[in-house]
Structures are given as C-alpha cells and as structure tokens.
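S.K.: Questions regarding the structure given below will be posed in turn.
Any read-out appearing in this document is the output of simple, stated calculations on the displayed coordinates, not a laboratory observation. Because the structure is a prediction, the values reported are computed rather than measured. Heads up, the Cβs are rebuilt from the backbone with ideal geometry, glycines too, and the neighbour counts pull from every protein chain shown.
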Amino acid sequence: MKDHIDFSRIIVDDEVIAGLNFSRMIPVEIAQLSKADLKIRKRDNSEVKRRKEAYKKELNWCNKNKRIIIDKANVLYEKYISGEKFGHKKDCLNFPELEDVCKKYNNKKETSSPLES
C-alpha cells in the first residue's frame, strides 16, 4: 500500500495503522459534526478499548498532519472538478453531486421544526 493522490497512510511508530482515502471524502458541515467519546471506561470490553486507543492514535496523527491532509484533499478536489485526468479518478465519488445532497440536507434541517429533527 503506497501513498497516491487519493490515499495517504497513517504511520505511527513506523507502523501503518490506518489510511485516508481521499477519493471517498464527503462534504460535511461543521454543525453536523459531533465529538467521539474516546475515553476508556471500566465497562468497555477489550475490543472497545483497543479501538478507542487506535482512534486516539489516528486522531493525533490527523491533528499533527492537518495542513497536509487539507492540501491533499484540495488538490484532489480541484483536479476532479476541473475535469483533469489523473490516476484513480475513476475511484472518486462524484463530489459535485455529494455537495448538492449536503446542501439539500442542510436546507431541510434549517426548515424543519425541532419536533421533526
């Protein structure tokens, strides 16, 4: 597994622990985000504890590499939108279509009453 225009490996302590697949990125408004509870609790089984530790490592890596992630996402997006040919373009989601869906979702949320949400 190598890094490409649409993919970056998350490497911690010389080990690949995950990957970011930029060709599968979707638009999300800030209001749609929620914090993940990564605190290890007594009731968490070993699998949940293991996953939370892995998520913490991934999140830490993403925070440290935020600028690189944003730049890479923007380059891929601009190449896709411009119609430029590049390797792995066929793997990309249809970004403009997803943006339209996101806008419709947000408009629906803005116009719905609190009881409908």
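S.K.: Summing -39500 (n - 2.57) over the DSSP H runs of n ≥ 4 in the chain and dividing by its residue number, what mean residue ellipticity at 222 nm do you reach, to the nearest 500 deg cm²/dmol?
M.R.: It lands at -15500 deg cm²/dmol.
S.K.: Given the options R43, R51, R24, which has the most mean-square fluctuation in a GNM of the chain, springs set between C-alpha atoms less than 10 angstrom apart?
M.R.: Highest fluctuation among the options: R43.
S.K.: Taking 32 Å as the cut-off for C-alpha to C-alpha distance, list the pairs among K66/K90; K64/K103; K35/K104 that go past it.
M.R.: Result: no pair exceeds 32 Å.
S.K.: Here's a follow-up. Cβ under 13 Å from R43's Cβ, R43 left aside: what net charge do those residues give with Lys, Arg +1 and Asp, Glu -1? Let's see the in-between values first.
M.R.: Working: positive: K39, R41, K42, K49, K52; negative: D37, D44, E47.
Charge balance near R43 sits at +2.
S.K.: Taking the Cα centre of the stretch 1-82 as the origin and placing charges on Cβ (Lys, Arg +1; Asp, Glu -1), which of I81, I5, A36 is farthest toward the positive end of the dipole?
M.R.: A36
S.K.: Right, something else. What does the net charge come to around G87 if you take all other residues with beta carbon closer than 13 Å to its beta carbon, with K and R at +1 and D and E at -1?
M.R.: Around G87, the surrounding residues sum to +1.
S.K.: Based on DSSP H assignment, which helices of the chain show an axial Cα extent of at least 15 Å together with a mean Kyte-Doolittle hydropathy greater than or equal to -1.0?
M.R.: Length and hydropathy pass: 66-82.
S.K.: What net charge do the residues around K103 carry, taking every other residue with its C-beta under 14 Å from that of K103, with Lys and Arg at +1 and Asp and Glu at -1?
M.R.: -2
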